[in-house]
Amino acid sequence: MKNKVGIRALLLVTGVFLSLAAGLHAQSYYHQDRAWNFVVNGQVDSAKKEIDLQMLEPGADKNPDCWQTYGIVYTELYKKYEAANVQSPYRVMAFNAFKKSLAMDTVSARVQTTRDYLKFFATRYYNDAVTTLDTANYSKSVQCYNMYRQAALLGDPKFDIKKKDIEFYLALASIYTVKYNMDRKANAPLFDSIRNTYNLVLALDPNNYSANYNLGVIYWNKGVDLMYDIDYDDSLGVVFDVQDHSVELFKQSLPFAEKAYEMEPKREETLIVLSGIYYSLNEFEKSDKYKQMLDNLRNQPKKPD
């Protein structure tokens with residue numbers, strides 16, 4: 001998401017607005033005006049002291065103009081001191097200030113300026129969500145993405161965020177899967193995270209191939225894992241319970257795998273999964289059918305480049 005107006009331009013526009021309004025609040029908003037002057041001159045630490053004092057004044061917390069200036073000051077502090085910190089307190093404080101300003105503002109020019117700052121934060125939060133999306137930092141990535149969603153929709157209420165949601169949740173589920181597969185016993189709680197995240201995708205797009213296919217895979221794999229984990233010393237009751245649970249998981253995997261096959265009937269991985277699921281359910285004829293389809297697909301002559 002690109003900002004239509006640069007931050008420096010926003011400062012100039014807002015400066016003009018505040019200058020016009022200065023005569024209306026020369027005494028009550030003395031600290032705010034000083035804070036603004038310090039910001040324009042690049043003295044952000046002095047600006048912070050003044051805007052903090054301003055927010056202690058009676059009525060300041062009900063004034064969208066004060067909250068916007070507060071947000072601008074803390075944006076500059078974020079840029080100066082914490083731009084590389086994905087959990088920047090200054091950024092959170094600036095973001096919350098702009099939210100408060102927007103919630104109570106009725107001046108269209110100032111509202112647009114606030115929205116432009118929120119678009120700036122949306123871009124920063126999205127970038128941080130992407131850079132932290134790995135097996136060590138995925139929780140930070142989720143936090144950043146949730147902040148991105150808020151900022152993006154506040155910055156542009158008409159923005160269609162569905163595509164971004166699908167892209168992020170698919171990537172997140174993949175990271176959960178990689179982490180889970182490192183040690184499925186130690187990371188067992190991540191199974192629910194994988195399942196829930198793919199279900200988020202399907203809630204947005206029921207025909208998403210990746211979400212359907214991967215849900216089929218994770219249920220099938222979990223059922224297979226349970227069967228392999230049966231110990232010869234386990235009682236028959238325990239063995240039967242595990243087998244029943246595995247069958248239940250195989251059955252849960254089936255509709256997702258079949259949906260993926262309907263969408264992409266000539267993908268090898270889908271045929272492999274369906275053959276495996278039916279084999280696990282002791283439906284060998286159906287398993288062989290998909291295995292034969294897989295063999296036929298693999299034996300087709302390749303088209304010349």
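Remarks
- Criterion (exposed (fewer than 15 other Cβ atoms within 10 Å of the Cβ) and at pLDDT 95 or above) met by exactly one of Asn212, Asn199, Asn181: Asn199
- Test for Ala188: is it in a helix (DSSP H, G or I) and either outside the structural domain of Asn127 (by TED's automatic domain parsing) or aliphatic (A, V, I, L, M) (or both): no
Let's see how each residue does on (1) outside the structural domain of Leu102 (by TED's automatic domain parsing); (2) at pLDDT 95 or above; (3) buried (at least 20 other Cβ atoms within 10 Å of the Cβ); (4) within 32 Å of the chain's Cα centre (by Cα):
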site: Arg8; (1), (2), (3), (4): no, no, no, yes
site: Gly15; (1), (2), (3), (4): no, no, no, no
site: Ala22; (1), (2), (3), (4): no, no, no, no
site: Ser46; (1), (2), (3), (4): no, yes, no, no
site: Lys49; (1), (2), (3), (4): no, yes, no, no
site: Tyr70; (1), (2), (3), (4): no, yes, yes, yes
site: Lys79; (1), (2), (3), (4): no, yes, no, yes
site: Glu82; (1), (2), (3), (4): no, yes, no, yes
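- Subset of the stretch 51-62 (residues that are surrounded by 22 or more Cβ atoms within 10 Å (Cβ to Cβ) and not in a helix (DSSP H, G or I)): none
- Residue in the stretch 107-125 that is in a loop (DSSP other than H, G, I, E, B) and either surrounded by fewer than 20 Cβ atoms within 10 Å (Cβ to Cβ) or touching a residue at least 60 places away in the same chain (Cβ under 8 Å) (or both) present: yes
- Of Asp156, Asp165, Asp128, Asp134, all but one fail to be among the acidic types (Asp, Glu), within 30 Å of Tyr228 (Cα to Cα), modelled with pLDDT of 95 or more and in contact with a helix residue (DSSP H, G or I) (Cβ under 9 Å, 6 or more places away or on another chain); the exception is Asp134.
- Filter pass, Val224 being among the β-branched types (Val, Ile, Thr), under 23 Å from Arg267 (Cα atoms) and at pLDDT below 95: yes
- Residue match in the stretch 289-304 (condition: in contact with a Ser or Thr (Cβ under 9 Å, 6 or more places away or on another chain), surrounded by fewer than 20 Cβ atoms within 10 Å (Cβ to Cβ) and either of a type in the set (A, V, I, L, M, F, W, C) or touching a residue at least 40 places away in the same chain (Cβ under 8 Å) (or both)): yes
The values are calculated or read from the model by the stated rules, or taken from the named source; none is laboratory data. Every value quoted in this text rests on a predicted model; they were computed, and no experiment measured them. For neighbour counting, all protein chains shown are included, and Cβ atoms are generated from backbone atoms with ideal geometry for every residue, glycine included.
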